[in-house]
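The values are calculated or read from the model by the stated rules, or taken from the named source; none is laboratory data. Note that the structure is predicted; figures quoted are calculated from it, not measured. Please note: Cβ atoms are built from the backbone with ideal geometry, for glycine as well, and neighbour counts cover all protein chains shown. Ligands, DNA and RNA are stripped out before the accessible areas are found, and what is left, the full protein with its side chains, is counted by its heavy atoms. Shrake-Rupley method; radii C 1.70, N 1.55, O 1.52, S 1.80 Å.
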Amino acid sequence: KEEAKTQQYLDERFLTTPSVAVSQTVKEVTRMGKVAQQNVLLSMDSILNKSTSSIGTIEENENIIDEMESNITQYLIKIADEPLSKEENKVVSGLFHVITDIERIGDHATNLAEITSYIVQEEIEFSDLAKHELTVITDAVKEIMDLAIKAYENQDIELAKKIQPCEDIIDLLKETLRIRHIDRLAQQK
């Protein structure tokens, strides 16, 4: 049933107890994050393996992510209409930002799937070095996504503090790999 895929923890009956509704929303947002994570991993693996076999799943997951964003947003609006403590209000506000970010991650995964289709269609070959570099950045992205979801799911501040340094490393790695790629392209001419 499609509803089960797009909504698991949200229930109108929880709205009478905002603290419970907020807690349930955090669970649903975590679930949404895991769907987006699956899509990113599928997309990156598709590029590495030059395979379009997961594109249908990626598109289905993207539809689920979009529906979850809509459901969670509607639910959060209803929570916001209830009397909330200062802390609950802060969490609800943050949840709006988190679901927007997760939806954007889902969009990036879809873009990667489109790149895979192009790579396969144009029969683009990667050098062994390029494959290695793609694997390195894929592993780094997998690690930071795992870290972010675990930190969010467990509301673990100490774990969350490890995310920014990982992001800094990924940004540096991305720039380094981009420069190396440009150098390889220039040397082929």
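Only protein heavy atoms count here; under a 1.4 Å probe, residue 78 has an accessible surface of about 80 Å².
Checking every one of the GluC sites (Glu not before Pro) in the stretch 68-165 against DSSP loop status and a limit of 11 other Cβ atoms within 10 Å picks out 122, 123, 125.
Counting only protein heavy atoms and a 1.4 Å probe, tell me what percentage of the stretch 1-122's accessible area is made up of carbon and sulfur.
Values: 3260 of 6470 Å².
About 50 percent, which is the carbon plus sulfur part of the accessible surface.
Anisotropy class assigned to the chain is prolate, per the alpha carbon gyration tensor with a/c at or over the 1.5 cut-off and a/b larger than b/c.
Mind checking the per residue accessible area of the stretch 12-158 for me, 1.4 Å probe, whole number of Å²? Mind dumping the intermediate values first?
Working: 7980 Å² over 147 residues.
Per residue, the stretch 12-158 has an accessible area of 54 Å².
Counting heavy atoms of the protein chains alone, residue 171 has an accessible area of about 70 Å² for a 1.4 Å probe. Shown is the FRET efficiency for residue 125 and residue 51, computed with R0 = 22 Å from the Cβ-Cβ distance and rounded to the nearest 0.05: 0.95. Of all complete DSSP H helices in the chain, those with a Cα span along the helix axis of 15 Å or greater and a mean Kyte-Doolittle hydropathy of 0.0 or more are 18-49, 128-153. Full extension of the chain between residue 162 and residue 34 gives 44.2 nm of extra length, using 0.36 nm per residue less the Cα-Cα distance. Sorting 118, 75, 152 by solvent-accessible area of protein heavy atoms yields 118, 152, 75, largest first, with a 1.4 Å probe.
Using heavy atoms of the protein chains and a probe of 1.4 Å, the accessible area assigned to residue 132 is about 110 Å².
Note on residue 78 and residue 187: the model spin-label points, each 7 Å out from Cα along the C-beta direction, lie 5.9 nm apart.
Distance between the modelled labels on residue 143 and residue 107, one decimal in nanometres: 2.9 nm (7 Å Cα→Cβ projection).
My understanding is that a pair violates if its Cα-Cα distance is over 28 Å; which of 50/142; 27/50; 27/90; 86/150 do that in this structure? Intermediate values should be presented prior to the final figure.
On the way: 50/142 18 Å; 27/50 34 Å; 27/90 17 Å; 86/150 25 Å.
Too far apart for the 28 Å limit: 27/50.
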